[in-house]
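S.K.: Take a look at this one; I'll ask things after.
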Amino acid sequence: MDQERQVSRKLPRPLEIIQRLEKAIPEPETALHHKTPFQLLVATILSAQCTDARVNRVTPSLFQRYSTPDDFSKAGLADLEAVIRSTGFYKNKAKNIVGCARAVVYRFKGQVPGTMEALLTLPGVGRKTANVVLGSVFGKPALVVDTHVRRVANRLKLTQSNHPDQIEIDLGRLLPKEKWTSGAHRILLHGRHVCTARNPHCLACPLFNLCPAEAEKKRAAGRGAL
Ligand code: SF4
């Protein structure tokens, strides 16, 4: 009887959301191709305002030309800019990547640091990039908040904020630490493929009856959107 009660007890909504996303996305794809922690750092810097697919088209030739932090620290800006041009904001990104490489070489003995505090001291590295590295490279609980996570978290009313730092705090409060990295990753993929910015696929959404975004759902029903 006790066991039955335990089984039928409802999960808190945020956990139910994550559980359904775990079923819908059993093996989340790794988005940015890389072979080393520093290459992931570079790819993540490049992914700002750019799709992962485009970054993945650029990084094979980029990493063939420059592979290690030492290589990147000696890169000529004009040469680097030419290779990464198609990712947009290439002048800033090139400057940040070289600055980042120099900091890693000179301040961290060539190793990407493994704490939020240290990562945030690197040029071009904000909390999103730092969380990507902490979660993927160091296996630390890390909530990556990008544009997809921001949109989905708002539609699901897991936050009332539009600011990534606050959304990170709100999701951190709602989810157990062991679900931070994988949970945020699944929310991101859900946003990329189902809960899209325009015309979300509500009628095919595994979170439909948990989602308070009635306006989106009505619009989707109106167009019979699958
Ligand atoms: S029901 Fe629609 S708005 Fe809500 S999470 Fe799903 S796709 Fe997004």
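S.K.: Counting only C-alpha contacts under 8 Å and six or more residues apart, can you give the relative contact order of the stretch 147-222 as a whole percent?
M.R.: Relative contact order for the stretch 147-222 comes out at 33 percent.
S.K.: So, with +1 on the Cβ of K and R and -1 on the Cβ of D and E, and no other charges, what is the size of the charge dipole of the chain about its Cα centre, to the nearest 20 debye? Don't jump to the answer; show the numbers that get you there.
M.R.: Values: 35 positive and 19 negative charges, 101 e Å.
Rounded to the nearest 20 debye, it is 480 debye.
S.K.: What number, rounded to the nearest 500 deg cm²/dmol, is the helix-based mean residue ellipticity at 222 nm of the chain, given -39500 (n - 2.57) per DSSP H run of at least four residues and division by all its residues? If you can, show how the numbers build up before the last one.
M.R.: On the way: 13 runs with 131 residues, N = 226.
Rounded to the nearest 500, it is -17000 deg cm²/dmol.
S.K.: Can you tell me the orientation of helix 37-46 relative to the chain, as the angle in degrees between its alpha-carbon axis and the longest Cα principal axis, to the nearest 10?
M.R.: Once rounded, the angle reads 80 degrees.
S.K.: Taking the Cα centre of the stretch 1-114 as the origin, how large is its charge dipole in debye, to the nearest 20, when only Lys and Arg (+1) and Asp and Glu (-1) carry charge on their Cβ atoms?
M.R.: Numbers: 18 positive and 11 negative charges, 74 e Å.
So the dipole magnitude of the stretch 1-114 works out to roughly 360 debye.
S.K.: Next question, about the same structure. Taking Rh as the Kirkwood radius, which is the inverse of the mean 1/r over Cα pairs, what is the Rg/Rh value for the stretch 59-188?
M.R.: Numbers: Rg = 16.4 Å, Rh = 16.0 Å.
When Rh is taken as the Kirkwood radius, the ratio is 1.03.
S.K.: Right, here's the next one. Note the angle between two axes, namely the Cα long axis of helix 127-136 and the longest principal axis of the Cα atoms of the chain, as a number of degrees from 0 to 90, rounded to the nearest 10.
M.R.: Relative to the chain, helix 127-136 is tipped by roughly 80 degrees.
S.K.: Quick one: Karplus J couplings for the stretch 81-94, per residue in order, coefficients 6.51, -1.76, 1.60, θ = phi - 60°, nearest Hz, x for Gly and Pro?
M.R.: Computed from phi, the couplings for the stretch 81-94 are 4, 5, 6, 9, 3, 5, 7, x, 6, 5, 5, 5, 5, 4 Hz.
S.K.: Work out how much length Arg107 to His201 would gain on full extension: take 0.36 nm times their residue separation and subtract the Cα-Cα distance, in nm to one decimal. All intermediate terms of the calculation are to be shown ahead of the outcome.
M.R.: Numbers: separation 94, 0.36 × 94 = 33.84 nm, distance 4.69 nm.
Length gained, Arg107 through His201: 29.1 nm.
S.K.: What is the stretch 37-136 by shape, rounded, prolate or oblate, if you read a ≥ b ≥ c off the alpha carbon gyration tensor as root eigenvalues and call it rounded for a/c under 1.5, prolate for a/b larger than b/c, and oblate otherwise?
M.R.: Details: a/c = 1.69, a/b = 1.24, b/c = 1.36.
It is oblate, given that a/c is not under 1.5 and a/b is not larger than b/c.
S.K.: Next question, about the same structure. Quick one: Karplus J couplings for the stretch 184-196, per residue in order, coefficients 6.51, -1.76, 1.60, θ = phi - 60°, nearest Hz, x for Gly and Pro?
M.R.: Each residue's phi maps through the Karplus curve to give 5, 4, 5, 4, 4, 5, 4, x, 5, 10, 10, 8, 6 Hz.
S.K.: Putting +1 on Lys and Arg Cβ atoms and -1 on Asp and Glu Cβ atoms, find which of Gln160, Gly183, Leu207 reaches farthest to the positive end of the dipole of the stretch 82-216.
M.R.: Of the candidates, Gly183 comes out farthest on the positive side.
S.K.: For the chain, what is the relative contact order in percent, using Cα pairs closer than 8 Å and at least 6 residues apart in sequence?
M.R.: Numbers: 272 pairs, mean separation 38.7, N = 226.
Once divided by the residue count of the chain, the mean separation gives 17 percent.
S.K.: Can you tell me the Rg and the Dmax, both Å, for the Cα atoms in the stretch 147-222?
M.R.: Rg, Dmax (Cα atoms, Å): 12.1, 39.
S.K.: Residue by residue, what Karplus-based ³J(HN,Hα) values in Hz, rounded to whole numbers, does the stretch 159-173 have, using 6.51, -1.76 and 1.60 with θ = phi - 60° and x for Gly and Pro?
M.R.: Per-residue couplings from phi come out as 8, 10, 10, 9, 8, x, 5, 5, 5, 4, 5, 5, 5, x, 6 Hz.
S.K.: Note down the magnitude of the dipole of the stretch 147-222 about its Cα centre, charges +1 on Lys and Arg C-beta and -1 on Asp and Glu C-beta and zero elsewhere, to the nearest 20 debye.
M.R.: Details: 13 positive and 6 negative charges, 44 e Å.
The calculation lands at about 220 debye.
S.K.: As I understand it, the dipole of the stretch 1-151 uses +1 on the Cβ of Lys and Arg and -1 on the Cβ of Asp and Glu, about the Cα centre. Which of Leu11, Pro26, Ile84 lies farthest toward its positive end?
M.R.: Most positive-ward Cα: Ile84.
S.K.: To the nearest Å, what is the center-to-center distance of the stretch 203-226 and the stretch 65-79, using C-alpha atoms only?
M.R.: That distance is 47 Å.
S.K.: Please tell me which of these pairs span more than 22 angstrom C-alpha to C-alpha: Lys10/Lys140; Lys74/Lys128; Lys23/Lys218; Lys128/Lys218; Lys23/Lys177; Lys10/Lys157?
M.R.: Values: Lys10/Lys140 29 Å; Lys74/Lys128 26 Å; Lys23/Lys218 25 Å; Lys128/Lys218 32 Å; Lys23/Lys177 19 Å; Lys10/Lys157 19 Å.
Lys10/Lys140; Lys74/Lys128; Lys23/Lys218; Lys128/Lys218, as the Cα separations exceed 22 Å there.
S.K.: At a 1.4 Å probe, what is the % contribution of carbon and sulfur to the accessible area of the chain?
M.R.: Numbers: 6530 of 12350 Å².
Of all accessible area on the chain, carbon and sulfur atoms account for 53 percent.
S.K.: Specify the residue with the greatest mean-square fluctuation among Leu46, Leu143, Leu120, computed from a Gaussian network of the chain linking alpha-carbon atoms under 10 Å apart.
M.R.: Leu120
S.K.: Could I ask something else about it? Taking R0 as 35 Å, what FRET efficiency do you get between Asn92 and Gln160 from their Cβ-Cβ distance, rounded to the nearest 0.05?
M.R.: Efficiency, rounded to the nearest 0.05: 0.65.
S.K.: Placing +1 on the Cβ of each Lys and Arg and -1 on the Cβ of each Asp and Glu in the stretch 37-136, which of Gly135, Thr51, Ser73 has its Cα farthest towards the positive end of the resulting dipole?
M.R.: Thr51
The values are calculated or read from the model by the stated rules, or taken from the named source; none is laboratory data. Nothing here was measured: the structure is a model prediction, and the numbers come from that model. A quick note on method: Cβ atoms are made from the backbone with ideal geometry, for glycine too, and the neighbour counts reach across all protein chains shown. Calculation scope for accessible area: heavy atoms of the full protein, side chains included, ligands and nucleic acids excluded. Shrake-Rupley method; radii C 1.70, N 1.55, O 1.52, S 1.80 Å.
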